[in-house]
Amino acid sequence: MTDKLIIFDTTLRDGEQSPGASMTKDEKLRIARQLERLKVDVIEAGFAASSNGDFEAVKAIADHIKDSTVCSLSRANDRDISRSAEALKGASRARIHTFIATSPLHMEKKLRMTPEQVLEQAKQSVRFARNLIEDIEFSAEDGYRSEIDFLARVVEAVIKEGATTINIPDTVGYAIPELYGHFIKTLREKVPNSDKAIWSVHCHNDLGMAVANSLAGVKIGGARQVECTINGLGERAGNCSLEEIVMAVKTRRDYFGLDVNIDTSQIVPASRMVSQTTGFVVQPNKAVVGANAFAHASGIHQDGVLKARDTYEIMRAEDVGWSANKIVLGKLSGRNAFKQRLEELGIEMESETDINTAFAKFKELADRKAEIFDEDILALVSDESVTPEKEQYGLVSLAQQSETGERPHARVVFTIDGKELVGEADGNGPVDASLKAIETHVKSGAELLLYSVNAITTGSTESQGEVTVRLQHGGRVVNGVGADPDIVVASAKAYLSALNKLHSKADRVAAQG
């Protein structure tokens, strides 16, 4: 067994299955570049067969990422596998990840296949994939709830067909750490050729134990790959958190005896980028990347940390990238400095025109906000208004009037397919009035599921407000994110961003692994 733990990041695939978390190709590529800087071993870029948009995203990531293996998910059929192979053609290192369910419940109720049919399908899919790409991962969906003897037969067969990684997921988050660890251990002992593949764990967080289960799979079960996401992003209660796995293994190397390739100083930048791109705010008390992770409010704790930081800190904040929160640019900064900072943050603009548009918005922000942080720049380029020609809806201007005892009123000027319209409405507050003013023309019929405000940077009332709006309509759930020093303006931007996503025809096919 190797003494290295492989980190397989599925933020761009499984993480994207969170309601409203779907990303554009450019957003996915930006995050993939950050994952490469983080030195993630494997980046699961998407599910190429699910839509043309996901195919293009996987292809773009495969073409640009050089230091990490790029992976595409496929169901156990020739069409999906062929589509993945096609999308991965440009990759320096490529992996096809194919899966089929093996639990009695899934085989009977979802697949409507017999165990023998599932076994044959698994063998055929791995054989087909192995003829296209050398690095093949096989996942037994709902593996933890499978009958262990049947699962052992499937795993032995797919290893014989050429699978190089075997993943045993706790798809529904049902596992308990000790039981899951021993399940993986027993399964490996039952499979005669288990030493011919790397064993992997993929745990969901429905009972809050995804990280604990994954670590048990590593320590007790002998797994040497963990599948995880930045911030634990994922559908339902989320996935195993990359930052927690990595820092647990690094901090307690005395116990695990394993190394990871990860550049931990890139963890916080990755967390911020994923949070700002998806609109899923990181809770303040989140381990490693939460705003309070290294804050000490208790007087006794503060005194101890000042005397010797290891009295209450088991990790250094700067080791995971917190020191990166520094002022980078101001109103006197020039275009070249701005362009260089974009490159350092892993942001690529398609053309000089896009850079000029973004720079104009940066200068406009710098006139209103003296200190510009990395987070401000990320928010600025994530704002879809940087490329108005791609939008159906765009904000032009907003004016609102609000005073105690009077009903707030808003006047919003915005565009629909390039045509400028003016909407006016009263509301319970300035934000309510602004969104109702937009709806006077849009009439979307969407239900507002979430409205949240988060300060992009801390320590100043000058901070930009980042607003997340979650809308639901016709079975679709989307998030819109908007940032501005004015919360009302940020709210209008977020609402229009969400409407743009609702209008988009991009579709997703749900897949579990």
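Okay, here's what the table says:
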item	result
The chain, accessible surface, carbon-and-sulfur percent (1.4 angstrom probe)	49
Relative contact order of the stretch 104-171, pairs being alpha-carbon contacts under 8 Å that are 6 or more residues apart, as %	39
For the chain, accessible area per residue (1.4 Å probe, heavy atoms of protein chains only), Å²	42
Taking the chain and dividing mean pair separation by its residue count, relative contact order in percent (alpha carbons under 8 Å, at least six apart)	12
Long pairs among Lys369/Lys419; Lys25/Lys59; Lys123/Lys196, criterion Cα-Cα beyond 19 Å	Lys369/Lys419
Among Phe373, Ser265, Ala45 the positive-end extreme of the charge dipole of the chain (Cβ point charges)	Ala45
Projected label distance in nm at Val422 and Glu447, using a 7 Å step from Cα toward the beta-carbon	3.5
Cα→Cβ-extended label distance, 7 Å offset, between Glu352 and Gln392, nm	3.5
Relative intensity, log₁₀ I(q)/I(0), of the chain from a Debye sum that treats every alpha carbon as a point, q = 0.06 Å⁻¹	-0.30
Kirkwood hydrodynamic radius (C-alpha pairs) into Stokes-Einstein, the stretch 1-76, 4 °C and 1.567 mPa s, D in µm²/s	104
Cβ charges +1 (Lys, Arg) and -1 (Asp, Glu), total dipole of the stretch 155-280, debye	180
Folded to 0 to 90 degrees: helix 430-442 orientation relative to the chain principal axis, Cα	80
Sites Lys39 and Thr251, calculated FRET efficiency, Cβ-Cβ separation with R0 22 Å, nearest 0.05	0.80
Protection proxy ranking, peptides 261-273, 483-495, average beta carbon neighbours within 10 Å, highest first	483-495, 261-273
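The values are calculated or read from the model by the stated rules, or taken from the named source; none is laboratory data. None of the values given here were measured: they were computed from a predicted structure. Backbone-built Cβ (ideal geometry, glycine too); neighbour counts: all protein chains shown. The accessibility values were calculated without ligands, DNA or RNA, using every heavy atom of the protein model including side chains. Shrake-Rupley method; radii C 1.70, N 1.55, O 1.52, S 1.80 Å.
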